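The values are calculated or read from the model by the stated rules, or taken from the named source; none is laboratory data. Quantities reported herein were computed from a predicted structural model and do not represent experimental measurements. A quick note on method: Cβ atoms are made from the backbone with ideal geometry, for glycine too, and the neighbour counts reach across all protein chains shown. These accessible areas exclude ligands, DNA and RNA; they are computed on the full protein's heavy atoms, side chains included. Shrake-Rupley method; radii C 1.70, N 1.55, O 1.52, S 1.80 Å.
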Amino acid sequence: MSPFPIQRLLQWLAGSLMLRRLRAAWTDQRGNVLILTALSMPILLGMSGLAFEGANWYQTKRDMQNAADTAVIAAATNGTTSYASEALAVAAQYGFQHGADNTTVTVSNSATCPAGGATCYSVTITKAVPLVFAKVIGYSGNVTIGGNSAAQRLSAMAVASGGTTPREYCILALASSGASQGIRTNGAPKADLTGCSVMSNTDTVCNGHDLKATYGDAHGTSSGCGAKQTSGVPTVSDSYSGLASNIPSNSCSSYPQAPSKKKDPDLPSSNQLSGSYAWTGNVTFCGDVQLIGNVTLTGANAVIVIRNGKLDTNGYTIKTASGASATIIFSGPENGTVYTRAPTGSGTIDIAAPTTGNWKGVAIYQDPALTSGVDISAAGNSPTWNITGLVYLPHASVTFSGAVNKSSNGLSCFAMVVDNITINGTGSILSQGQCASAGLTLPTSAISSRGRLVS
């Protein structure tokens with residue numbers, strides 16, 4: 001660190017020609033008092049001026065350091081794409097506005113941290129202070145302003161690290177399709193996501209109702225969603241896509257579809273379900289699956305794989321019994337034929353996800369390799385969803401209009417991952433709080449919390 005300006009002035013003064021001449025005059029007995037006094041006046045005035053000048057520089061530098069410290073903490077606490085503008089605003093509140101009064105404020109989020117890495121925030125404030133009295137003794141400062149006016153450049157720097165706090169979401173819109181609004185509402189006056197937070201990797205726009213969500217976060221702009229709305233949040237990655245490696249290999253040679261016209265053939269009896277099933281492990285269906293009566297699943301960790309087909313509840317209920325659990329998987333392959341690969345019908349899906357195993361916490365899973373036939377137009381309404389666990393629809397455009405309650409024999413835990421979602425009418429989700437016990441790790445982001453000075 002270079003010496004403080006007053007030290008440099010004193011060093012310069014000690015070796016100056018004027019001081020040498022004054023010393024010679026004092027030792028020359030032929031001089032007179034008038035000459036000595038005249039010679040000493042600039043020095044006396046300069047020394048007095050130096051005291052004033054040095055005190056001013058010291059106070060200015062201390063004010064700059066306070067401003068830099070506070071501004072860098074604000075930047076680190078912000079932690080979003082607007083960190084720099086927030087730091088500049090804080091510095092301006094302390095009287096150091098970038099670009100004004102010979103002041104420069106530089107903000108970075110890639111500063112070197114004392115403990116290693118380049119993820120710290122820094123704020124550097126520089127200011128050119130015009131010389132007043134130091135010019136009397138010939139000190140010209142270290143910079144000029146206004147073309148030729150002598151000044152002393154002062155600087156202060158502060159470095160802070162950003163803190164983070166995990167935030168969990170009951171709805172995550174991946175927006176991998178490029179949907180500009182990952183989460184949106186059209187009024188939704190009765191929507192109720194109490195206890196939940198929502199996140200979009202693009203924008204959120206809620207018109208007329210905040211969903212009663214705790215937080216409405218967005219990587220882009222958050223508008224109207226959530227009691228507290230945060231824009232510029234880092235995107236949340238898809239942590240569930242890797243589960244697709246657990247889907248069993250395809251053994252289907254054809255994919256029968258439910259009849260849509262009178263002359264169409266019925267589904268094979270193996271694809272029509274009614275009664276009680278004690279399935280455990282993988283059970284594969286080729287094509288559509290249709291309930292022809294209420295279905296009760298009594299086995300643990302059942303994995304129901306439906307390839308190139310839908311699950312048509314057909315006015316009935318598919319339900320996991322007490323102690324039972326199931327994951328329903330919609331998979332392909334994509335082969336150019338248009339299939340519906342989603343739950344449909346006017347019945348009820350009442351299932352609890354497994355709490356152990358490869359599919360723990362997952363109730364419904366659409367293979368991320370699927371990009372067609374995956375949309376859902378009446379989620380929670382047709383069929384009714386009473387679900388404990390995750391509903392994973394990574395490429396689906398979802399319209400959520402109904403209410404999601406917990407499974408009759410499950411815990412209070414629900415989350416949905418979609419490409420994009422529109423929430424209408426009564427869209428509501430059961431109270432949360434038991435996801436850890438239900439085996440589900442909710443979608444989570446690291447939200448910036450208060451930063452701390454490290455240098």
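Based on what the data block shows, is VAL105 β-branched (Val, Ile, Thr), touching a His at 6+ places or on another chain (Cβ under 8 Å) and under 30 Å from THR80 (Cα atoms)? Quick ask: steps written out before the conclusion?
On the way: β-branched (Val, Ile, Thr): yes; touching a His at 6+ places or on another chain (Cβ under 8 Å): yes; under 30 Å from THR80 (Cα atoms): yes.
Answer is yes for this residue.
Give me the residue from region 169-189 that is among the polar types (S, T, N, Q) and assigned to a loop (DSSP other than H, G, I, E, B) and, out of that set, surrounded by the most Cβ atoms within 10 Å (Cβ to Cβ).
SER176
Among what's in region 96-111 and is in contact with a Lys or Arg (Cβ under 8 Å, 6 or more places away or on another chain) and open to solvent by less than 30 Å² (accessible area, probe 1.4 Å), pick the residue that is nearest to ALA68 (Cα to Cα).
For region 96-111, the residue satisfying everything is PHE96.
Conditions (1) open to solvent by less than 70 Å² (accessible area, probe 1.4 Å); (2) in contact (Cβ under 8 Å) with a residue 12 or more places away in the chain; (3) of a type in the set (Ser, Thr, Tyr), marked per residue:
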site	(1), (2), (3)
THR119	no, yes, yes
THR124	yes, yes, yes
LEU131	yes, yes, no
GLY138	yes, yes, no
SER149	yes, yes, yes
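Which numbered condition in (1) under 27 Å from SER197 (Cβ atoms); (2) open to solvent by less than 20 Å² (accessible area, probe 1.4 Å) is the only one that ASN78 fails?
All conditions pass for ASN78, except number (2).
Within region 190-209, which residues are without any contact (Cβ under 8 Å) to a residue 60 or more places away in the chain, open to solvent by 60 Å² or more (accessible area, probe 1.4 Å) and part of a loop (DSSP other than H, G, I, E, B)?
GLY208
Out of the residues in region 302-321 meeting the condition of being over 19 Å from VAL362 (Cβ atoms) and among the polar types (S, T, N, Q), tell me which one is most open to solvent (accessible area, probe 1.4 Å).
For region 302-321, the residue satisfying everything is ASN314.
Only one of (1) under 24 Å from SER251 (Cβ atoms); (2) not in a strand (DSSP E or B) fails for THR355. Which number is that?
Every listed condition holds for THR355 apart from (1).
Quick check on region 428-455: of everything there that is assigned to a strand (DSSP E or B) and over 18 Å from the mean Cα position of the chain (by Cα), which residue is surrounded by the most Cβ atoms within 10 Å (Cβ to Cβ)? Lay out the reasoning, then the answer.
Taking region 428-455 as the starting set, the residues that turn out to be assigned to a strand (DSSP E or B) are 428-429, 444-453.
Those still in the list that are over 18 Å from the mean Cα position of the chain (by Cα) too: 428-429, 452-453.
Numbers: SER428: 21, ILE429: 28, ARG452: 13, LEU453: 14.
Of everything passing the filter in region 428-455, ILE429 is surrounded by the most Cβ atoms within 10 Å (Cβ to Cβ).
Given (1) modelled with pLDDT of 95 or more; (2) open to solvent by less than 10 Å² (accessible area, probe 1.4 Å); (3) out of contact with any helix residue (DSSP H, G or I) (no Cβ under 9 Å at 6 or more places or on another chain), where does ASN409 come up short, assuming only one miss?
Every listed condition holds for ASN409 apart from (2).
Within region 318-347, work out how many residues are farther than 18 Å from ASN246 by Cα, outside any loop (DSSP other than H, G, I, E, B) and either in contact with a Gly (Cβ under 9 Å, 6 or more places away or on another chain) or of a type in the set (A, V, I, L, M, F, W, C) (or both).
2
Return only the number of the condition from (1) aromatic (Phe, Trp, Tyr); (2) within 27 Å of the chain's Cα centre (by Cα); (3) part of a loop (DSSP other than H, G, I, E, B) that PHE96 does not satisfy.
(2)
Out of all the residues in region 338-347, is one or more farther than 21 Å from ASP266 by Cα and among the aromatic types (Phe, Trp, Tyr)?
no
Please count how many residues of region 117-134 are closer than 27 Å to GLY163 by Cα and part of a loop (DSSP other than H, G, I, E, B).
Selection size over region 117-134: 3.
Rundown of residues vs (1) closer than 20 Å to ALA415 by Cβ; (2) within 34 Å of the chain's Cα centre (by Cα); (3) open to solvent by less than 20 Å² (accessible area, probe 1.4 Å); (4) without any contact (Cβ under 8 Å) to a residue 24 or more places away in the chain, yes/no style:
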| position | (1), (2), (3), (4) |
| --- | --- |
| PRO265 | no, no, no, yes |
| SER270 | no, no, no, yes |
| PHE330 | yes, yes, yes, no |
| GLY347 | no, no, yes, no |
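List pairs: first residue in region 77-98 and farther than 12 Å from ASN109 by Cα, second residue open to solvent by less than 40 Å² (accessible area, probe 1.4 Å) and not aliphatic (A, V, I, L, M) anywhere in the structure, Cβ distance under 6 angstrom, at least six positions apart or on different chains.
GLU86/ASN78; PHE96/THR103
Could you give every pair whose Cβ atoms fall below 7 Å, whose first residue belongs to region 402-421 and is hydroxyl-bearing (Ser, Thr, Tyr), and whose second residue is at pLDDT below 95 and open to solvent by 10 Å² or more (accessible area, probe 1.4 Å), counting only separations of at least 6 or pairs across chains?
So the pair list comes out as SER412/LYS406; SER412/LEU430; SER412/SER431; SER412/GLN432; SER412/GLY433; SER412/GLN434.
Name the single residue that is farthest from THR444 (Cα to Cα) among those in region 238-254 being surrounded by 12 or more Cβ atoms within 10 Å (Cβ to Cβ) and hydroxyl-bearing (Ser, Thr, Tyr).
SER241
Checking the condition open to solvent by 20 Å² or more (accessible area, probe 1.4 Å), assigned to a strand (DSSP E or B) and either modelled with pLDDT of 90 or more or closer than 30 Å to ALA218 by Cα (or both), which residue from PRO114, PRO166 passes?
PRO166
Checking the conditions here, which among GLY425, GLY389 is assigned to a strand (DSSP E or B) and at positive phi?
GLY389
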